[in-house]
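Written out below as structure tokens is the structure these notes cover.
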Amino acid sequence: MTAAVLAAVLGTALAGCSSTGGKRAEERAAREAAAGGRAAVNTPKWTFAMVTHSGDGDTFWDIVQSGAKQAAVKDNIKFLYAHNEEGKEQAQLVQSYLDQKVDGLIVTLAKPDAMKSVMKKAQKAGIPVITVNSGSEVSKAMGALTHIGQDETIAGEAVGDELNKRGRKKALCVIHEQGNVGLEQRCDGAAKTFDGKLEKIYVEGTNMPDVQSSVEAKLQSDKGIDTVLALGAPFADTAAKAAEQAGSDAEIDTFDLNAKVAAALQNGTLGFAVDQQPYLQGYEAVDLLWLNRYNADVLGGGRPVLTGPQIITKDDAAQLAAYTKRGTR
């Protein structure tokens with residue numbers, strides 16, 4: 001592959017084009033190839049597998065997959081995906097891909113202790129691993145090339161700052177998956193910078209009626225709560241319903257963005273959302289694995305490659321609505 005083609009694939013201003021016009025033409029050709037379902041490179045058809053801690057029906061991971069699949073088409077990659085919210089089962093899925101001798105792995109480290117053994121096995125087998133979304137603080141130590149996502153503590157701190165700006169006094173942080181260190185970090189980060197009081201509540205995220213009834217009961221018993229912080233887009237709508245049923249005026253805020261969240265921001269049902277750009281996490285993970293296989297490239301310099309946080313309000317939602325509808329934000 002020529003350097004010019006590599007520049008087109010990356011879609012950045014890398015060296016290798018003799019003129020701006022030529023570079024733009026090559027970039028356009030690469031985009032058109034990917035959009036048409038054709039690879040923009042002539043490298044071997046490597047197999048990359050992604051294994052996440054997603055539960056069933058979590059639309060956040062649909063967006064991550066959308067980005068990964070788009071990059072896979074462009075990079076001539078066979079993309080495989082599996083998920084399980086239980087750490088032990090997630091590790092077993094990773095092991096199954098190690099047994100298949102895939103060419104690269106993308107994993108989440110929401111429950112890092114359960115993943116230590118398979119991460120060591122991947123390293124021993126010479127299979128490059130990139131972590132996404134969860135586990136930024138342990139990714140390097142566990143042998144990953146880099147981590148792509150947001151620092152959950154920093155994201156939580158941004159929430160605390162935003163709550164202060166809004167004059168909030170008491171927040172309920174809804175943790176929908178026990179044992180997920182990233183969710184704990186979000187709440188703890190918010191509590192660190194929030195001038196008011198923040199309380200955690202644990203719910204069963206795979207059971208939305210349980211989520212609603214638990215939040216509703218808490219709002220009924222504590223009228224001082226003026227904010228409910230959901231830690232994932234699918235739970236924002238449920239939290240809003242709980243507040244309505246409880247007769248609470250609490251503002252509902254959430255982590256993550258999707259079409260429903262964008263619409264709710266526009267109509268005032270939600271106050272703000274914290275976006276970590278899941279499409280970008282999936283896309284960059286596949287693209288960086290391809291770059292590592294092709295050119296031994298590594299990004300981050302030993303630090304996470306951050307895709308967030310970004311505070312999204314009603315003013316921003318209209319611009320992003322079209323992107324959420326097509327499943328890329």
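In this structure, is residue 238 more than 22 Å from residue 314 (Cα to Cα), of a type outside the set (Lys, Arg) and out of contact with any strand residue (DSSP E or B) (no Cβ under 7 Å at 6 or more places or on another chain)?
no
The condition (being open to solvent by less than 50 Å² (accessible area, probe 1.4 Å), without any contact (Cβ under 8 Å) to a residue 60 or more places away in the chain and either in a helix (DSSP H, G or I) or in contact with a helix residue (DSSP H, G or I) (Cβ under 8 Å, 6 or more places away or on another chain) (or both)) is satisfied by just one residue among 171, 158: 171. Note on the range 233-245: among residues that are more than 16 Å from residue 171 (Cα to Cα) and at pLDDT 95 or above, the one that is surrounded by the most Cβ atoms within 10 Å (Cβ to Cβ) is 238. The set of residues from the range 284-329 being open to solvent by 60 Å² or more (accessible area, probe 1.4 Å) and among the aromatic types (Phe, Trp, Tyr) comprises 294, 323.
Listed by first and then second residue, the pairs linking a residue in the range 84-101 that is within 11 Å of residue 51 (Cβ to Cβ) to a residue that is in a helix (DSSP H, G or I) and charged (D, E, K, R), with Cβ atoms under 6 Å apart and 6 or more places separating them unless they lie on different chains, are 98/121. Hey, any hits in the range 254-274 for a residue that's in a helix (DSSP H, G or I), in contact with a Gly (Cβ under 9 Å, 6 or more places away or on another chain) and open to solvent by less than 10 Å² (accessible area, probe 1.4 Å)? Among the residues of the range 254-274, at least one is in a helix (DSSP H, G or I), in contact with a Gly (Cβ under 9 Å, 6 or more places away or on another chain) and open to solvent by less than 10 Å² (accessible area, probe 1.4 Å), which makes the answer yes.
Table: residues versus (1) among the aliphatic types (A, V, I, L, M); (2) assigned to a helix (DSSP H, G or I); (3) modelled with pLDDT under 95; (4) open to solvent by less than 40 Å² (accessible area, probe 1.4 Å).
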{"site": "69", "(1), (2), (3), (4)": "no, yes, no, no"}
{"site": "94", "(1), (2), (3), (4)": "yes, yes, no, yes"}
{"site": "115", "(1), (2), (3), (4)": "yes, yes, no, yes"}
{"site": "139", "(1), (2), (3), (4)": "no, no, no, yes"}
{"site": "154", "(1), (2), (3), (4)": "yes, yes, no, no"}
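The values are calculated or read from the model by the stated rules, or taken from the named source; none is laboratory data. What you see is a predicted model, and the numbers here were worked out from it, not measured in a lab. Because the Cβ atoms are built from the backbone with ideal geometry, glycine has one as well, and the counts that use them run over all protein chains shown. Ligands, DNA and RNA are excluded from the accessible area calculation, which covers all protein heavy atoms including side chains. Shrake-Rupley method; radii C 1.70, N 1.55, O 1.52, S 1.80 Å.
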